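This report refers to the structure that appears directly beneath it.
The values are calculated or read from the model by the stated rules, or taken from the named source; none is laboratory data. Please read all numbers here as calculations on a predicted model, not as lab measurements. Here the Cβ is made from the backbone with ideal geometry for all residues, glycine too, and neighbour counts use every protein chain on show.
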Amino acid sequence: MTDEPDAAAARFDSIPPALWAIALACLAPFPLTAIAYGWGPPDVARPALTIIMNWSGCVLAFIGGVRWGLESGRPKPRAGRLLISVLSPAVALAILFSRHRVADAWVVGGCIGAFLLQWLFDHQVPGSQSRYPRLSTTLTAGACISLAVCLDQALKTGHV
């Protein structure tokens with residue numbers, strides 16, 4: 001007996017509704033704060049930018065933790081993959097610590113870059129459940145579109 005049927009079934013994992021609900025709840029702060037920063041009054045916009053940057057750091061760290069959990073649950077965890085999963089929160093922390101030292105546009109751009117790099121990594125991992133890349137695509141798209149709105153606004157307002 002081969003592993004082919006199991007591998008084929010794994011490609012078509014359905015995503016449970018509760019998991020979608022959690023993913024969408026995690027995603028919700030991105031567009032809400034992007035709208036507040038992009039079109040809100042100044043007393044709302046500045047805190048909204050802080051919130052989206054901090055939330056980006058939290059989500060990037062969370063995704064790294066998910067990756068750590070998926071890899072460490074393997075019978076033989078791969079050291080390189082474990083290292084990369086630890087780099088995600090480290091990069092998120094570096095991005096957050098660069099705030100007020102580097103222009104906002106660069107920090108927001110760093111968040112976009114970090115999400116895209118994680119997404120690329122998630123989609124080249126062999127043997128991952130199909131639901132994980134699909135969920136990460138949804139989260140990455142929502143985060144990056146929202147962060148792009150913030151980047152546009154930061155460039156327009158001179159926060160470069």
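Pick out the one residue from Ile63, Ile112, Ile84 that is in contact with a Phe, Trp or Tyr (Cβ under 9 Å, 6 or more places away or on another chain) and within 16 Å of Leu139 (Cβ to Cβ).
Ile63
Of the residues that make up the stretch 102-113, is at least one in contact with a helix residue (DSSP H, G or I) (Cβ under 6 Å, 6 or more places away or on another chain), of a type in the set (D, E, K, R) and touching a residue at least 40 places away in the same chain (Cβ under 8 Å)?
Yes, the stretch 102-113 contains at least one residue that is in contact with a helix residue (DSSP H, G or I) (Cβ under 6 Å, 6 or more places away or on another chain), of a type in the set (D, E, K, R) and touching a residue at least 40 places away in the same chain (Cβ under 8 Å).
Please count how many residues of the stretch 28-81 are among the aromatic types (Phe, Trp, Tyr) and closer than 22 Å to Ser98 by Cα.
Within the stretch 28-81, residues that are among the aromatic types (Phe, Trp, Tyr) and closer than 22 Å to Ser98 by Cα number 4.
Conditions (1) surrounded by 15 or more Cβ atoms within 10 Å (Cβ to Cβ); (2) part of a helix (DSSP H, G or I); (3) within 14 Å of the chain's Cα centre (by Cα); (4) at pLDDT 90 or above, marked per residue:
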site: Ala23; (1), (2), (3), (4): yes, yes, yes, no
site: Leu32; (1), (2), (3), (4): yes, yes, no, yes
site: Pro47; (1), (2), (3), (4): no, yes, no, yes
site: Ser56; (1), (2), (3), (4): yes, yes, yes, yes
site: Val59; (1), (2), (3), (4): yes, yes, yes, yes
site: Ile63; (1), (2), (3), (4): yes, yes, yes, no
site: Arg74; (1), (2), (3), (4): no, no, no, no
site: Leu83; (1), (2), (3), (4): no, yes, no, no
site: Leu87; (1), (2), (3), (4): yes, yes, yes, no
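Answer yes if at least one residue in the stretch 124-134 is over 22 Å from Ala18 (Cβ atoms), modelled with pLDDT of 85 or more and either surrounded by 15 or more Cβ atoms within 10 Å (Cβ to Cβ) or of a type in the set (Phe, Trp, Tyr) (or both), and no otherwise.
Scanning the stretch 124-134 turns up no residue that is over 22 Å from Ala18 (Cβ atoms), modelled with pLDDT of 85 or more and either surrounded by 15 or more Cβ atoms within 10 Å (Cβ to Cβ) or of a type in the set (Phe, Trp, Tyr) (or both).
In this structure, does Ala92 turn out to be at pLDDT 90 or above, in a helix (DSSP H, G or I) and either closer than 18 Å to Ala154 by Cβ or not β-branched (Val, Ile, Thr) (or both)?
Judged against the criteria, Ala92 is not a match.
Please verify whether Ser136 is part of a helix (DSSP H, G or I), of a type in the set (Gly, Ala, Ser) and touching a residue at least 40 places away in the same chain (Cβ under 8 Å), treating the condition exactly as stated.
Considered against the rule, which asks whether it is part of a helix (DSSP H, G or I), of a type in the set (Gly, Ala, Ser) and touching a residue at least 40 places away in the same chain (Cβ under 8 Å), Ser136 comes out as yes.
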